[in-house]
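Before any comments, here is the structure.
The values are calculated or read from the model by the stated rules, or taken from the named source; none is laboratory data. Quantities reported herein were computed from a predicted structural model and do not represent experimental measurements. Positions of Cβ are generated from backbone atoms using ideal geometry, with glycine treated the same way; all protein chains shown enter the neighbour counts.
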Amino acid sequence: MAHKHFKLFKPYGYLSQFQTNAKHERNKKLLGTLYDFPKGTMAIGRLDKNSEGLLLLTTDGKVSHHFTSSKVEKEYFAQVDGEISTEAIKRIKQGVSIVVKGEAYTTKPCAARLLKMPPNFPERAKKIRDERHGKTSWISITLSEGKFHQVRKMTAQVGFPTLRLVRVRIGNITLEGLDMGAVMPLSELGQFC
């Protein structure tokens, strides 16, 4: 049987899973409500409930392993609180100290840049505060690793907490062609490896 692959624009508020046994998550929104995925479909990596953007799904465990490895870049657009400084972006690029599972961890050097124009994303279900509460800015961060809440921890560490986080690219697969909550079947993920 041929494996199936998909890309999805995960909306805010959804868990990156198909079922949950946790009592505190029983009323949460799950991926299976967005599309009729075939049995055995799994999310490749995760986006937390408050994050949005590109999520790949597959029925092939080998493909999943490849895309979660450090060989594949993941790019995020983060809306941060305040007008982020050149110095803060430089610190993110060089690597910052964050806490992962109770231990200090220094992130690997990465690509980071200020976005001159805010990206044109659909409005989020839960409104982000507006300009009356201070300025915000958008940055791009491209990682080859994926620690728990890493981008949020990195921006907070340099003094600019993340207000909205959207993954826009995994390897050379992008959000292009997807509306919020939309799913697109991919003929073959192997071609992107």
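Taking segment 38-56 as the range and being in contact (Cβ under 8 Å) with a residue 60 or more places away in the chain and farther than 18 Å from Tyr12 by Cβ as the test, the residues that pass are Ile44, Leu56. Of all positions in segment 90-101, none carries a residue that is within 17 Å of Gly53 (Cβ to Cβ) and either free of Cβ contacts under 8 Å to residues at least 40 places away in the same chain or basic (Lys, Arg) (or both). Close Cβ contacts (under 9 Å, 6 or more residues apart or on different chains) running from residues in segment 113-129 that are under 11 Å from Val166 (Cα atoms) and outside the structural domain of Met180 (by TED's automatic domain parsing) to residues that are of a type in the set (Ser, Thr, Tyr) and part of a loop (DSSP other than H, G, I, E, B) comprise Arg124/Tyr12. Of the residues making up segment 153-179, those that are at pLDDT 95 or above and assigned to a loop (DSSP other than H, G, I, E, B) are Val158, Gly159, Phe160, Pro161. Of all residues in segment 1-45, those satisfying the criterion of being of a type in the set (D, E, K, R) and either exposed (fewer than 14 other Cβ atoms within 10 Å of the Cβ) or modelled with pLDDT under 90 (or both) are Lys23, Glu25, Arg26, Lys28, Lys29, Asp36, Lys39.
Does segment 88-104 contain any residue that is more than 16 Å from Leu165 (Cβ to Cβ), under 16 Å from the mean Cα position of the chain (by Cα) and either outside the structural domain of Met154 (by TED's automatic domain parsing) or small (Gly, Ala, Ser) (or both)? No; the residues of segment 88-104 include none that is more than 16 Å from Leu165 (Cβ to Cβ), under 16 Å from the mean Cα position of the chain (by Cα) and either outside the structural domain of Met154 (by TED's automatic domain parsing) or small (Gly, Ala, Ser) (or both). Of all residues in segment 67-99, those being surrounded by 16 or more Cβ atoms within 10 Å (Cβ to Cβ) and on the phi > 0 side of the Ramachandran plot number 0. Scanning segment 129-152 for residues that are among the basic types (Lys, Arg), assigned to a helix (DSSP H, G or I) and surrounded by fewer than 20 Cβ atoms within 10 Å (Cβ to Cβ) yields a single hit, Arg132.
Restricting to segment 59-104, what's the tally of residues that are within 15 Å of Thr142 (Cβ to Cβ), assigned to a helix (DSSP H, G or I) and aliphatic (A, V, I, L, M)? Within segment 59-104, residues that are within 15 Å of Thr142 (Cβ to Cβ), assigned to a helix (DSSP H, G or I) and aliphatic (A, V, I, L, M) number 2.
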